[in-house]
1. Against the condition touching a strand residue (DSSP E or B) at 6+ places or on another chain (Cβ under 7 Å) and among the small types (Gly, Ala, Ser), how does Ala88 come out, does it pass?
2. Conditions: (1) closer than 26 Å to Leu289 by Cα; (2) in the same structural domain as Glu269 (by TED's automatic domain parsing); (3) touching a Leu at 6+ places or on another chain (Cβ under 6 Å). Ala139 meets all but one. Number of the miss?
3. How many residues, within the stretch 141-170, are over 30 Å from Ser265 (Cα atoms) and among the polar types (S, T, N, Q)?
4. Just one of the numbered conditions (1) in contact with a Ser or Thr (Cβ under 9 Å, 6 or more places away or on another chain); (2) more than 24 Å from Gly51 (Cα to Cα) is not true of Ala255; which one?
5. Counting only residues that are of a type outside the set (Lys, Arg), modelled with pLDDT of 95 or more and more than 20 Å from Lys159 (Cα to Cα), how many does the stretch 205-230 have?
6. Just for the stretch 244-291: of the residues that are among the polar types (S, T, N, Q) and closer than 30 Å to Lys174 by Cα, which one is farthest from the chain's Cα centre (by Cα)?
7. Out of Ala282, Ala307, I need the residue that is surrounded by fewer than 22 Cβ atoms within 10 Å (Cβ to Cβ) and at pLDDT 95 or above. Which one?
8. Output the residue which, of all residues in the stretch 41-58 that are over 8 Å from the mean Cα position of the chain (by Cα) and aliphatic (A, V, I, L, M), is nearest to Glu301 (Cα to Cα).
Amino acid sequence: MNVRRSLAAALAVGSLFLATACAGDDLDKGSAADESSSAAPADKGAVHISGQSFPEAALVAAMYDELLTKAGYDTDVKLVDTRDAYMATFPGSIDVVPEYVGGIVNFLNSKANGANAEPFTAGDGAELAQQGKTLLDDAGITLLDQSAATDTNAFFVTKDYSQSEGVTTLSDLKGKKIVLAAAPDCEGRLDCAGGLTDTYGIDITKILPLGYASDQTYQSVIKGESQLGETSTTDGTLDSQGLVVLQDDQQIQPAQNLVPAVSSSFLTEHPDVADVLNPLMAALTTEKLTELNGKVAVDRETPEAVAHAFLQEAGLL
């Protein structure tokens, strides 16, 4: 009886040691798991990204989305048709927008000083941002580092029209009656229909609001419904469609370097956003952007897939 009790006691002690050892192993594993978890990005909260819905803007927004997600942010992206649409709530319910320095500075200029305000036309992005600094500050918007990649508005015709009419520059359209296919907000803008009329003397008889660099705009010009269409200087689809950009020889387009526009209050709370997005701006060039646009618009790859491949190639992931 005493032997059995001693044996039982010994087994109990052994079991206790075994349980303690296992618990120790679990604690060690838990510590390792904690260390592993600490290596993952912390949850930094939500960031709301918006912008225009044309292919290039969607591509750059996808880059912002992936980089900010990697940095630990809970992102959402909502793209809209025009700058007016997202600027109605930026900053506010929107935190970050892929922008163009001339576009946002002159939008704020028109908003503050009226639709007929003299536009900022500096050809250098840094100078243009400095000219618009007070407007940006008053709006609560901060521009991060500008990219060397630039993309201005451009206007195209068919190659056949260019050759038959002897048209290679926008000045060559002076006095001609032209139907223009363009973004819905083109009318009156000095870098769009307003400038084509006032600076170039083109008789714009009608504006078809078919979109910026959209399939509908391309097809409208190709089919002869309109003679002139709006796109960008980094449009990689034109040549394959038999279209050609007319030179902006009187330079109505301001500098349009790509730049992240961020809510100033959001940036104060999340200063690391600059560290996430500035390296992307340094990695992009106009030539690379044109190539990437072609992958989306011509090769029909998704903006997300093209963005991911570029970020990997640039060593940003």
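1. So Ala88 fails the test.
2. Of everything listed in (1) closer than 26 Å to Leu289 by Cα; (2) in the same structural domain as Glu269 (by TED's automatic domain parsing); (3) touching a Leu at 6+ places or on another chain (Cβ under 6 Å), Ala139 misses just condition (1).
3. 7
4. Against the list (1) in contact with a Ser or Thr (Cβ under 9 Å, 6 or more places away or on another chain); (2) more than 24 Å from Gly51 (Cα to Cα), Ala255 comes up short only on (2).
5. Counting residues in the stretch 205-230 that are of a type outside the set (Lys, Arg), modelled with pLDDT of 95 or more and more than 20 Å from Lys159 (Cα to Cα) gives 5.
6. This residue is Gln250.
7. Checking each option against the conditions leaves just Ala282.
8. Filtering first and then ranking leaves Ile49.
The values are calculated or read from the model by the stated rules, or taken from the named source; none is laboratory data. Please read these numbers as outputs of a predicted model, since none were measured by experiment. Cβ coordinates were reconstructed from backbone atoms using ideal geometry, including for glycine residues, and neighbour counts include every protein chain displayed.
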